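Trainee: Before I ask anything, let me first share the structure, which is written out below as structure tokens.
The values are calculated or read from the model by the stated rules, or taken from the named source; none is laboratory data. All values derive from a computational prediction rather than experimental measurement. All Cβ positions, glycine included, derive from the backbone under ideal geometry; neighbour counts span all protein chains shown.
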Amino acid sequence: MFENDAIQKYLSAHNETCITPKAALIDMDGVLYDSMKNHVEAWYRTLSPLGIPCTREEFYLYEGRTGSSTIRLLFDKHFGKQLSDEECARIYKIKEKHFIELDEIRPMPGADRMLQHLVENGIRPVLVTGSGQGSLLRRLDHDYPGIFQPQYRVTAYDVKHGKPHPEPYLMGLTKAGVAPHEAIVIENAPLGVEAGTAAQIFTIAVNTGPIPAQTLLDAGADIVFPSMPYFADHITELIETLKNTR
Ligand code: MG
């Protein structure tokens, strides 16, 4: 099986005998929603007119950071300027305005099947997002009814540190009441993968955007799937392999 090596590598690195997934800690943007194109476009439309020399593609690499940390990073990098909280907030408001004006965001194709298979296998879905975008958070119950109970959600409002810091995923473990080897992380972004592996959790990357798979492996992903429909087709098999590899 293609995953065996990856699982054994995780087990020996973490001194565990097996992975028994009881909870799946699931990122939102780029995993549950096909929203990254809109975020990227909104960032580009916000920061280009402010004189930041940027490409749309680079914003895929900042995914998972809080909005203010992305703004601070780029102003520091290009102008050597430290922004105040007020300046950051003003720029972030512009980004939110652009985001809302773009085309409606759709659920990620295949994500509903992926969630259904988790539930069938007795694994609790837990939302772990760095996002505070109310328009998407409010849609979760409509698009994925009954899946994410309120006590099993970690959002930008719950944590001090955004990804790549492990805090969001550590809080996901606490909310689910499980140990790292009793969970899996499902992510699409390099910084999210870093956060999952820093929390010592077996981290699955589903590559739903334009970045090379190698970038996700370099960030520490234990395994990379090429698309959400492909992952949904193989998740039950992966869970069986996780439980049976020692
Ligand atoms: Mg994401």
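Trainee: Considering only residues that are part of a helix (DSSP H, G or I), touching a His at 6+ places or on another chain (Cβ under 8 Å) and surrounded by fewer than 21 Cβ atoms within 10 Å (Cβ to Cβ), which ones fall in the stretch 194-233?
Mentor: First pass over the stretch 194-233, keeping only residues part of a helix (DSSP H, G or I): 194-198, 213-218, 228-233.
Those left that are additionally touching a His at 6+ places or on another chain (Cβ under 8 Å): 195, 198, 232.
Scanning the stretch 194-233 gives a single hit, Ala198.
Trainee: Another one. For the stretch 1-22, state whether one or more residues are outside any loop (DSSP other than H, G, I, E, B), closer than 23 Å to Gly209 by Cα and within 16 Å of the ligand (Cβ to nearest atom). Walk me through how you get there before you give the answer.
Mentor: Looking only at the stretch 1-22, we keep the residues that are outside any loop (DSSP other than H, G, I, E, B), and these are 4-14.
Now drop any that are not closer than 23 Å to Gly209 by Cα, which leaves 6.
With within 16 Å of the ligand (Cβ to nearest atom) added as a condition, the list becomes none.
No - not one qualifying residue is present in the stretch 1-22.
Trainee: Give me the pairs: first residue in the stretch 23-52 and within 30 Å of Lys243 (Cβ to Cβ), second residue among the hydroxyl-bearing types (Ser, Thr, Tyr) and more than 9 Å from the ligand (Cβ to nearest atom), beta-carbon distance under 6 Å, and six or more apart or on different chains, which are they?
Mentor: Listed by first residue and then by second, the contacts come to Leu25/Tyr169.
Trainee: Could you grab me the full set of residues in the stretch 28-65 that are assigned to a loop (DSSP other than H, G, I, E, B), within 13 Å of the ligand (Cβ to nearest atom) and surrounded by fewer than 19 Cβ atoms within 10 Å (Cβ to Cβ)?
Mentor: Across the stretch 28-65, the qualifying residue is only Asp34.
Trainee: Checking the conditions here, which among Gly67, Gly110, Gly51 is of a type outside the set (Val, Ile, Thr), out of contact with any Pro (no Cβ under 9 Å at 6 or more places or on another chain) and modelled with pLDDT of 95 or more?
Mentor: Of Gly67, Gly110, Gly51, the one residue that is of a type outside the set (Val, Ile, Thr), out of contact with any Pro (no Cβ under 9 Å at 6 or more places or on another chain) and modelled with pLDDT of 95 or more is Gly51.
Trainee: Pull up the stretch 156-193, narrow it to residues that are within 12 Å of the ligand (Cβ to nearest atom) and not in a loop (DSSP other than H, G, I, E, B), then point me to the one that is surrounded by the most Cβ atoms within 10 Å (Cβ to Cβ).
Mentor: Of everything passing the filter in the stretch 156-193, Gly192 is surrounded by the most Cβ atoms within 10 Å (Cβ to Cβ).
Trainee: Next up: Quick one: how many residues across the stretch 138-153 are touching a residue at least 40 places away in the same chain (Cβ under 8 Å) and either among the aliphatic types (A, V, I, L, M) or within 14 Å of the ligand (Cβ to nearest atom) (or both)?
Mentor: 1
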